[in-house]
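Just so it is clear, none of the values below were taken in a lab; they were calculated from the coordinates. A quick note: this is a predicted structure, and the numbers were derived from the prediction, not measured. Backbone-built Cβ (ideal geometry, glycine too); neighbour counts: all protein chains shown.
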Amino acid sequence: MPKLTTFHGGCHCGAVRYQVQIAKLEAVECNCSICAKKGFIHLIVPADRFTLLQGQDTLSTYTFNTGIAKHHFCRHCGIHSFYRPRSHPDGYDINLRCLDGNSVDLFDITLFDGKHWEEQIDQIRDRYS
């Protein structure tokens, strides 16, 4: 079993807080329409490594296209700090930029061509399975 590193994060106003356990300090930056506009850097984890500590009652959800991905955001400050991704609907996708401290600097970030999601998704599925 890999050594897990625990990080905490949440939204801008602090209403949403969570804990995530990570096996590898690797993340993905996507160029699809929603990720580019949100500035989301993806940290995909299995559901058992994500714990919502507070804020369930402040979350709103946005879906589009297939409706599989559940884009959660704080209804107070609007920050999308995590969601249920289409690529891994049983896991969580954490916005690396929403982890506490300067956590982004600790991660290796790979670019993903999300503009061509259907042709490229196996790269992500294979990497985070």
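From the largest down, the range 1-113 spans 33, 32, 25 angstrom on the principal axes of its Cα atoms.
Sorting the Cα pairs of the range 8-66 by distance into bins of 5 Å, from 0 upward, gives 4, 14, 18, 25, 25, 14, 1 percent per bin. For the chain, modelled as a GNM with alpha-carbon contacts under 10 angstrom, which of 62, 83, 18 fluctuates the most? The residue with the greatest mean-square fluctuation here is 62. Per-residue Cβ neighbour counts within 10 Å put 60, 103, 87 in the sequence 60, 103, 87, beginning with the fewest. Among 59, 111, 96, the largest mean-square fluctuation in a Gaussian network model of the chain (Cα springs under 10 Å) belongs to 111.
How much net charge surrounds residue 55 when only the other residues with a Cβ under 12 Å from the Cβ of residue 55 are counted, with Lys and Arg +1 and Asp and Glu -1?
That sum, taken over residues with Cβ under 12 Å, equals +1.
Please build a GNM for the chain, connecting alpha carbons under 10 Å apart, and tell me which residue among 23, 15, 47 fluctuates the most. In the Gaussian network model the winner is 23.
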